Amino acid sequence: RVLGIDETRRGKPRWTRDKDGRRWVRVDPWDTGFVDLSGDQGLLGQVEGRTGAAVTRWLTTQTTKFRNEITHVVIDPSAAYAAAVTAELLPNAQVVVDHFHLVKLANDALTAVRRRVTFDTHGRRGRKQDPEWANRRRLLSAREHLSDRSFAKMWNALIDHDPSAQILTAYIAKEELRQLLSAARQGVDNSEIRRRLYRFYTWCAQADIPEVSRLATTIEAWWPAILAFVQTGLTNARTEGYNRLVKQVKRVACGFRNTENSRRRIRFHCTRAQRANNQQFHC
């Protein structure tokens, strides 16, 4: 059994009185959802908060047999979730990091480098006449999604207007990470995985850019879970799909005042059999 854990926003932050009514406390606007990634059970549960305590609280309500059957848990690179999953509650589970969020971390590092270089060069934020700003979307796009003409236009513009070459260096680091993660769908052997990992680390070390170095440090810290993704190919795509259903229910209801009613309505719409009935009814 494979379990997916991800957070979804419940609404805006609110302030309410505590149990004694003496002080105001902030209500966590996030929920944590648990999805069956290997079967057809859909959304298994939902709890308030996105902390390790919330995950532990839900797992303790499940049976010992259910917890022992879980072999993999797919999460975002969240230390709170990882700490809760690696506890004694799931003795047979292996943590897997979703690759989408890893690519997002690389894109965020690239964007941070681009903004810093622009400010250091011009003393202001980027404008449309700046090549690094005009090519910001090309920088975030995958290399295979760019035509040769579009890629050459971006590359030549940054070569001419960025003497430090930091932006292109961060771009190459992002692409090296993508090549490493693509081993999951290419089915390469362990030696090829190690070669790509070494090439990524070597490039980040030689770049000597703070944002790129932090990215490499993050990959190193999460490497066992990243290697599990490369070897298994498990992702949180289904979990993100259920998050879309949850948000759709909240939008249609224009918000919920009662948490239990919200949980029941979400559970009602996130059951596979119920979705089939709704589709047949609307047709």
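The values are calculated or read from the model by the stated rules, or taken from the named source; none is laboratory data. Keep in mind that this is a model prediction, so the values were computed, not measured. Neighbour counts run over all protein chains shown; Cβ positions are idealised from the backbone, glycine included.
For every residue, the table says whether it meets (1) in contact (Cβ under 8 Å) with a residue 60 or more places away in the chain; (2) out of contact with any Asp or Glu (no Cβ under 9 Å at 6 or more places or on another chain); (3) outside any loop (DSSP other than H, G, I, E, B); (4) within 30 Å of residue 225 (Cβ to Cβ).
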position	(1), (2), (3), (4)
168	no, no, yes, yes
188	no, yes, no, yes
192	no, yes, yes, yes
200	no, no, yes, yes
- Item | Residues (touching a helix residue (DSSP H, G or I) at 6+ places or on another chain (Cβ under 6 Å) and either without any contact (Cβ under 8 Å) to a residue 24 or more places away in the chain or assigned to a helix (DSSP H, G or I) (or both)) located in the range 219-244 | 229, 230
- Output the residues belonging to the range 202-218 that are touching a residue at least 60 places away in the same chain (Cβ under 8 Å) and either out of contact with any Phe, Trp or Tyr (no Cβ under 9 Å at 6 or more places or on another chain) or loosely packed, with under 15 Cβ neighbours inside 10 Å (or both). 209, 211, 214, 215, 218
- Scan of the range 42-76 for residues that are in a loop (DSSP other than H, G, I, E, B) and either at positive phi or touching a residue at least 24 places away in the same chain (Cβ under 8 Å) (or both), ordered by number: 42, 49, 50, 51, 70, 71, 76
- Complete set of residues in the range 77-127 that are in a helix (DSSP H, G or I) and closer than 22 Å to residue 66 by Cα: 80, 81, 82, 83, 84, 85
- Consider residue 88 carefully, then state whether it is in the same structural domain as residue 212 (by TED's automatic domain parsing), at pLDDT below 95 and either of a type in the set (Asp, Glu) or buried (at least 18 other Cβ atoms within 10 Å of the Cβ) (or both). no
